[in-house]
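The values are calculated or read from the model by the stated rules, or taken from the named source; none is laboratory data. All of these numbers come straight from a predicted model, not from anything done at the bench. Please note: Cβ atoms are built from the backbone with ideal geometry, for glycine as well, and neighbour counts cover all protein chains shown.
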Amino acid sequence: MDGGKVLGELSRQLADLVAAAAGGVVQVRSRHAPPATGTSIEGGRVIVAAHAVDGDRDLSVRANGTRMAAQLLGFDPATGLAVLRAEGPTWAALSGGPPARVGEIVTALGRTWSGALAASTGLVSVVGGPLRTGRGTSVEEVLRADVRVHPLGAGGPLLDTGGRVAGIATGGAIRGMPLFIPSAIAWNVAEAITAHGTLKRGYLGISAQPVRIPPAQRAGREQDAGLLVVGVAPQSPAEAAGVLVGDLVVGFDATPVGDHDALLALLTPDRVGKASRVEVIRGAEPRVLDVTVGEH
């Protein structure tokens, strides 16, 4: 097969992939914001960027030429995702795919102002994380891809070559590359929001800054960085555990902690309400404090 035929076949396959997924890429409308893109999942639910709905209760979803009222089930501040449920007949639902790998071909889909489908194909460029996304919140992993996301495409899917969702567009970018929430995280968020209206995030109640640990203060540990506690919130889990200003946090449940991202990544929803152990150095003396993780 010559080069022209190879490219022609690839082009047809990509166009078929986009056409097959189009039914699961919807337009979300609200009274106080421009239209946005949503990704349809099972149960008549739609994943959308939280900023696109912004707490608006007058919501609707347009799919396959039909417009239906929608209910906001909740949102997650860390990922910036919200979940809606349409009040009417369901439509095509997209499914999450396996973890994306750097170099994979992906296609970003979105809906324009008129509701037309927009598509852009490129490669997964970066798989990384955790990424701090706000005060006291982080997302464990993010994707970046060299695709063009339509200005109204936040909430739209990033498809792999099997037509499965590799990630959800956030509307943000890092160094010019669009940012996506991996599908495994997005689907977990959707299930938690459907069940509880939100996603639990662990909370200790400390303010801290990363510092280098002088060799004489490492108390036999090999790590050279930790978090210096500069504030402890009143009536917080940290205060109840006896954490003091000036303590140097170096570990959490036997996992080394050298910066904010490392600690935030450990404060997962499953730890809320459970006993954990915070390892600190106080002066030059190592201590282990028992703490019950709160909910942010």
Ala52: of a type outside the set (S, T, N, Q) and surrounded by 20 or more Cβ atoms within 10 Å (Cβ to Cβ), yes or no? yes
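Residue-by-condition table, conditions (1) surrounded by fewer than 17 Cβ atoms within 10 Å (Cβ to Cβ); (2) of a type in the set (Lys, Arg):
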site	(1), (2)
Leu94	no, no
Arg111	no, yes
Val126	yes, no
Gly162	yes, no
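Give me a count of the residues in the range 18-43 that are part of a loop (DSSP other than H, G, I, E, B) and out of contact with any Gly (no Cβ under 8 Å at 6 or more places or on another chain).
6
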Matching residues in the range 164-219 - criterion: being surrounded by fewer than 24 Cβ atoms within 10 Å (Cβ to Cβ) and aromatic (Phe, Trp, Tyr): Trp187, Tyr203
Quick check on the range 271-281. Is at least one of its residues in the same structural domain as Ser236 (by TED's automatic domain parsing), under 27 Å from Val189 (Cβ atoms) and part of a helix (DSSP H, G or I)? yes
Every residue from the range 162-214 that is at pLDDT below 90, among the basic types (Lys, Arg) and farther than 28 Å from Pro237 by Cβ: Arg175
Verdict on Arg144 being among the basic types (Lys, Arg) and either on the phi < 0 side of the Ramachandran plot or assigned by TED's automatic domain parsing to the domain that holds Gly80 (or both): yes
Out of all the residues in the range 76-91, is one or more under 18 Å from the mean Cα position of the chain (by Cα), loosely packed, with under 15 Cβ neighbours inside 10 Å and assigned to a loop (DSSP other than H, G, I, E, B)? no
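If you take the residues in the range 44-71 that are outside any strand (DSSP E or B) and among the charged types (D, E, K, R), which one is farthest from the chain's Cα centre (by Cα)? Even if it seems obvious, please write down each step before you answer.
Filtering the range 44-71 for residues outside any strand (DSSP E or B) gives 44, 50-58, 64-65.
From what's left, among the charged types (D, E, K, R): 54, 56-58.
On the way: Asp54: 17, Asp56: 21, Arg57: 23, Asp58: 25 Å.
This residue is Asp58.
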Filter the range 279-296 for residues that are more than 26 Å from the chain's Cα centre (by Cα) and surrounded by 13 or more Cβ atoms within 10 Å (Cβ to Cβ); the one that is nearest to Gly246 (Cα to Cα) is Arg282
Can you confirm whether Ala154 is surrounded by 22 or more Cβ atoms within 10 Å (Cβ to Cβ), in a loop (DSSP other than H, G, I, E, B) and of a type in the set (A, V, I, L, M, F, W, C)? yes
Which members of the range 194-224 meet the condition of being hydrophobic (A, V, I, L, M, F, W, C) and more than 27 Å from the chain's Cα centre (by Cα)? Val211, Ile213, Ala216, Ala219
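Among the residues of the range 51-60, is there at least one that is basic (Lys, Arg) and either farther than 22 Å from Ile193 by Cα or modelled with pLDDT under 90 (or both)?
Within the range 51-60 (the criterion being basic (Lys, Arg) and either farther than 22 Å from Ile193 by Cα or modelled with pLDDT under 90 (or both)), the answer is yes, since at least one residue qualifies.
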May I ask you to say which residue of Ala262, Ala219, Ala225 is aliphatic (A, V, I, L, M) and in contact with a Gly (Cβ under 6 Å, 6 or more places away or on another chain)? Ala225
